[in-house]
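Okay, so here's the structure we're looking at.
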């Protein structure tokens with residue numbers, strides 16, 4: 001069974017977070033902390049840190065993987081923290097758009113769009129580009145059922161897996177369509193993604209272990225039997241909503257202060273001793289996994305380095321939230337560095353568990369093999385497999401081996417001589 005987060009983390013988190021964690025324990029407390037940090041990562045404009053000579057914002061990608069009715073639904077409390085900011089952005093942009101539409105001289109298609117801070121996973125690729133381009137300081141995708149996002153990635157018009165991969169590193173994304181003469185470019189997309197679901201729901205999202213999407217997420221994973229819980233007032237006795245609403249007010253104020261730093265963004269920096277410990281500890285993890293024959297997982301280890309500094313950045317901003325209005329630099333408090341390091345030491349092995357879980361699933365395929373299968377219709381014949389394989393420089397014999405393996409793994413079924421159907 002995967003480990004819980006270390007108890008020292010909860011003893012040393014910034015005071016701002018302690019009230020919302022006080023009523024939880026065990027897995028639920030871990031989930032509340034992680035999902036809270038994930039949501040807050042979308043609420044820190046004009047904050048950056050340097051990592052391997054690149055500039056990064058604090059935005060996190062996170063997935064909680066657990067059985068149904070096992071407590072992962074506590075993550076929904078974290079969404080309350082960003083709701084006031086989301087409503088302000090939505091209402092102000094709606095008012096501007098309606099004013100524009102009422103002007104007789106304006107062309108409706110030229111009026112500003114309604115902006116959202118929280119964007120549903122059920123969104124088309126072009127609409128996601130639009131939200132990233134138009135909403136200042138980035139957006140949050142928050143879904144308690146990961147298949148809401150997975151369903152979009154199955155569609156040609158909704159497949160934005162490349163956007164997710166690029167936005168993690170704030171790489172430029174662009175979209176050009178001839179149908180409506182649409183051109184969208186986002187130089188430094190800011191996106192946070194917080195998801196939860198069961199292991200079966202995760203499969204359609206992570207279609208290939210090799211395309212890089214898997215390694216960009218922080219995972220929290222556990223299994224176990226569901227237990228009945230006393231949900232009566234006497235059993236719970238705590239109004240969790242109240243503490244989250246109080247914290248949301250503080251974060252709303254913090255967001256306003258950070259927005260004002262547009263012309264003077266604040267850099268968050270690790271100290272030399274912290275960088276030395278960072279390199280030493282991450283190298284230990286990297287080398288240990290390599291020695292144990294887990295070389296294929298080292299890309300996730302390396303991206304966990306990026307995630308670690310993101311966590312330390314978020315925690316240090318929260319610890320200093322009352323004193324950052326005029327700061328241009330903020331050095332990470334060592335408590336926050338140790339919390340981030342301890343968190344990564346635990347969650348990186350949660351990620352490894354999920355990786356092996358996916359590795360054992362019949363429909364997780366190497367990238368080229370997946371591309372061929374994905375490019376076929378629901379019903380197809382052998383010659384179509386060979387043709388697609390040839391376009392990817394895959395040999396005919398290899399393509400036949402793919403086809404044989406799909407049948408053995410119950411990914412496809414043979415319905416007549418040379419004709420197959422996806423299951």
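Bear in mind that the values in this text are calculations on the coordinates, not laboratory data. Worth saying up front: this structure is predicted, and the values here are computed from it rather than measured. We place every Cβ from the backbone using ideal geometry, glycine too, and count neighbours over all the protein chains shown.
May I ask what percent, to the nearest 5, of DSSP beta bridges between residues of the chain are antiparallel? Walk me through the numbers on the way to the answer.
Details: 15 of 36 bridges.
Antiparallel bridges: around 40 percent, rounded to the nearest 5.
I need the calculated FRET efficiency for the pair residue 272 and residue 6, taking r as the beta carbon distance and R₀ as 22 Å, to the nearest 0.05.
Details: r = 25 Å, r/R0 = 1.13.
The formula returns an efficiency of 0.35 here.
Note on the range 54-100 and the range 1-52: Cα centroid distance 16 Å, given to the nearest whole angstrom. R0 = 60 Å: FRET efficiency of residue 257 with residue 290, Cβ-based, nearest 0.05? Rounded to the nearest 0.05, the efficiency is 0.85. Were the residues from residue 83 through residue 281 laid out at 0.36 nm apart, the gain over their Cα-Cα distance would be 67.6 nm.
Among 214, 380, 321, the largest mean-square fluctuation in a Gaussian network model of the chain (Cα springs under 10 Å) belongs to 380. Cβ crowding within 10 Å ranks 50, 282, 62 as 50, 282, 62, fewest other Cβ atoms first.
Beta carbons within 10 angstrom, averaged per residue: use that to sort the peptides 263-274, 63-74, highest first. Each step should come with its number before you reach the end.
Working: 263-274: 15.6, 63-74: 19.3.
Those peptides, ordered most packed to least, come out 63-74, 263-274.
One decimal place: the segment residue 326-residue 417 gains 25.4 nm when fully extended, by the rule 0.36 nm per residue minus the C-alpha distance.
Taking neighbour Cβ counts within 10 Å as the exposure measure, how do 385, 123 sort from fewest upward? Please report the intermediate quantities before stating the final value.
Numbers: 385 24, 123 20.
Listed from fewest to most nearby Cβ atoms, that is 123, 385.
Relative to the present Cα-Cα distance, how much length would full extension add between residue 94 and residue 384 at 0.36 nm per residue of separation? Numbers along the way, then the final one.
On the way: separation 290, 0.36 × 290 = 104.40 nm, distance 4.89 nm.
Here the answer is 99.5 nm.
By how many degrees, 0 to 90 and rounded to 10, does the Cα axis of helix 272-291 deviate from the longest principal axis of the chain? So the helix axis and the longest Cα principal axis differ by about 20 degrees. Sorting the segments 283-290, 298-305 by their mean number of nearby beta carbons within 10 angstrom, highest to lowest, gives 298-305, 283-290. Annotation: the residues 82, 89, sorted from fewest to most other C-beta atoms within 10 Å of their own C-beta, follow the order 89, 82. Look at [x] 20.8; [y] 24.8; [z] 30.1: the one that is mean projected area of the Cα convex hull in nm² derived from this structure is [y]. I need the calculated FRET efficiency for the pair residue 52 and residue 105, taking r as the beta carbon distance and R₀ as 51 Å, to the nearest 0.05. Taking R0 as 51 Å, the efficiency between residue 52 and residue 105 is 0.50.
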